[in-house]
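Asker: Following this message is one structure expressed as C-alpha cells.
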Amino acid sequence: MVHPFRFLAGMIALSGLVLQFWLMTKYPNARNIIVTTTKFLSFFTIQTNILIVICMILPVIAPNGRLSHFMSAPSVRTAIASYSAVTGIIYFALLRNIGHDQGLERLADQILHYITPTMMVFDWLVWVPKGRVRWTDPARFMIFPALYGVWTLLHGAVTGWYPYPFFNAARIGSAGIFANFAGLTCVVLAIPFAFLLLDRLLATLQRERA
C-alpha cells in the first residue's frame, strides 16, 4: 500500500507543479523564461512540493540509491511533513482569499496547498517510523525556512518582487516585515515541535501495544 500511495502522491505533486509553471508562463508579464522560472522557484509552496515529489517518488523507483535512503530517513520526512503543514496552514490562514483564482489556477492552488501537503502528513502519520526524531532536530529543520527567508528578502530588494504580500517590504515597511517575520518564525518553530511531540506520543503508544 505504501509504495502505490507514495507514487500517486508524488505524481499529483508533480502534476500540480507542472500545471502551476505552465500557468505562470501564460501571465501577461511573463516574457522572460528565466525570470518566470526564478519567480516560480521563489515560492515556499513550490519548494515544499518539489521536496514532496522527491521524497515520495525517488524511494519507490530507486530504493537503493543514497539519496533515496536520505529522503527516507524519519527526521527528513518529519521535516518535509512540517514544511507541508506550514504550507497548508499559512495558505488557509493568510492567502486563500487573496485574488480570484478560477479554473486551472484554482486547481493548481488546491493541489499544491491542500492535497499534496495533506498526503505528505498522512504518509508521515501512517508509515514513517516513530521515536527516531531527536529533540534537537527541529532546530535543524529551521535551516531551510531561514535560508528561504533570506533569499526572499534579498531577491525582493533587488527586483522589487515578493512572492507573498506579508514579505513585501516596499508595501508594509521594515516594521511590518519584522512583525510578520516574528509571527511566521513562531509558527515555523511551533509546527516541527508539534510533530516531534506527536512522534513521541505515537512511539509510546506503539511500545505499549507491543
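Asker: What pairs come up if the first residue lies in segment 153-177 and is closer than 18 Å to Leu94 by Cβ and touching a residue at least 12 places away in the same chain (Cβ under 8 Å), the second is of a type in the set (Gly, Ala, Ser) and not in a helix (DSSP H, G or I), and their beta carbons are under 6 Å apart, counting only those six or more places apart or on different chains?
Answerer: Close Cβ pairs satisfying both conditions: Pro163/Ser42.
Asker: Right, next: Failed condition for Phe195, given (1) surrounded by 14 or more Cβ atoms within 10 Å (Cβ to Cβ); (2) part of a helix (DSSP H, G or I); (3) out of contact with any Phe, Trp or Tyr (no Cβ under 9 Å at 6 or more places or on another chain); (4) modelled with pLDDT of 90 or more, with all others met?
Answerer: Single failed check for Phe195: (3).
Asker: Take Ile80 and tell me if it is surrounded by 18 or more Cβ atoms within 10 Å (Cβ to Cβ), of a type in the set (A, V, I, L, M, F, W, C) and in contact with a Leu (Cβ under 6 Å, 6 or more places away or on another chain). If you could, list the steps in order and put the result at the bottom.
Answerer: Details: surrounded by 18 or more Cβ atoms within 10 Å (Cβ to Cβ): yes; of a type in the set (A, V, I, L, M, F, W, C): yes; in contact with a Leu (Cβ under 6 Å, 6 or more places away or on another chain): yes.
Yes.
Asker: Would you confirm, using the coordinates I've provided, whether Val150 is surrounded by fewer than 16 Cβ atoms within 10 Å (Cβ to Cβ), among the β-branched types (Val, Ile, Thr) and either assigned to a helix (DSSP H, G or I) or within 14 Å of the chain's Cα centre (by Cα) (or both)?
Answerer: Working: surrounded by fewer than 16 Cβ atoms within 10 Å (Cβ to Cβ): yes; among the β-branched types (Val, Ile, Thr): yes; either assigned to a helix (DSSP H, G or I) or within 14 Å of the chain's Cα centre (by Cα) (or both): yes.
Yes.
Asker: Oh, and also: If you go through segment 125-147, how many residues are in contact (Cβ under 8 Å) with a residue 12 or more places away in the chain and under 14 Å from the mean Cα position of the chain (by Cα)?
Answerer: Residues flagged as in contact (Cβ under 8 Å) with a residue 12 or more places away in the chain and under 14 Å from the mean Cα position of the chain (by Cα) within segment 125-147 amount to 4.
Asker: So, in segment 154-175, exactly how many residues are part of a helix (DSSP H, G or I) and surrounded by 15 or more Cβ atoms within 10 Å (Cβ to Cβ)?
Answerer: Filtering segment 154-175 down to residues part of a helix (DSSP H, G or I) leaves 154-159, 165-167, 169-175.
Imposing the further condition that a residue be surrounded by 15 or more Cβ atoms within 10 Å (Cβ to Cβ) reduces the set to 155-156, 166-167, 169, 172.
The number of residues fulfilling the criteria is 6.
Asker: Restricting to segment 128-147, give me the number of residues that are over 19 Å from Phe44 (Cα atoms) and either modelled with pLDDT under 90 or loosely packed, with under 14 Cβ neighbours inside 10 Å (or both). Can you show your working first?
Answerer: Restricting attention to segment 128-147, the residues satisfying the condition of being over 19 Å from Phe44 (Cα atoms) are 128-137.
If we keep only those that are either modelled with pLDDT under 90 or loosely packed, with under 14 Cβ neighbours inside 10 Å (or both) too, we end up with 131, 134-136.
Of the residues in segment 128-147, 4 are over 19 Å from Phe44 (Cα atoms) and either modelled with pLDDT under 90 or loosely packed, with under 14 Cβ neighbours inside 10 Å (or both).
Asker: Residues that are under 16 Å from the mean Cα position of the chain (by Cα): find the helices (runs of 4 or more DSSP H) completely inside segment 1-103 holding 2 or more of those. Working first, answer last.
Answerer: On the way: elements: 2-25, 33-41, 44-61, 66-72, 74-90.
It comes to 2-25, 33-41, 44-61, 74-90.
Asker: Additional query: I want to confirm something. Restricting to segment 22-54 and keeping residues that are surrounded by fewer than 13 Cβ atoms within 10 Å (Cβ to Cβ) and charged (D, E, K, R), which single residue is modelled with the highest pLDDT?
Answerer: Lys26
The values are calculated or read from the model by the stated rules, or taken from the named source; none is laboratory data. Here the structure is a predicted model, which is why all the values come from computation and not from measurement. Positions of Cβ are backbone-derived with ideal geometry, glycine not excepted, and every protein chain shown enters the neighbour counts.
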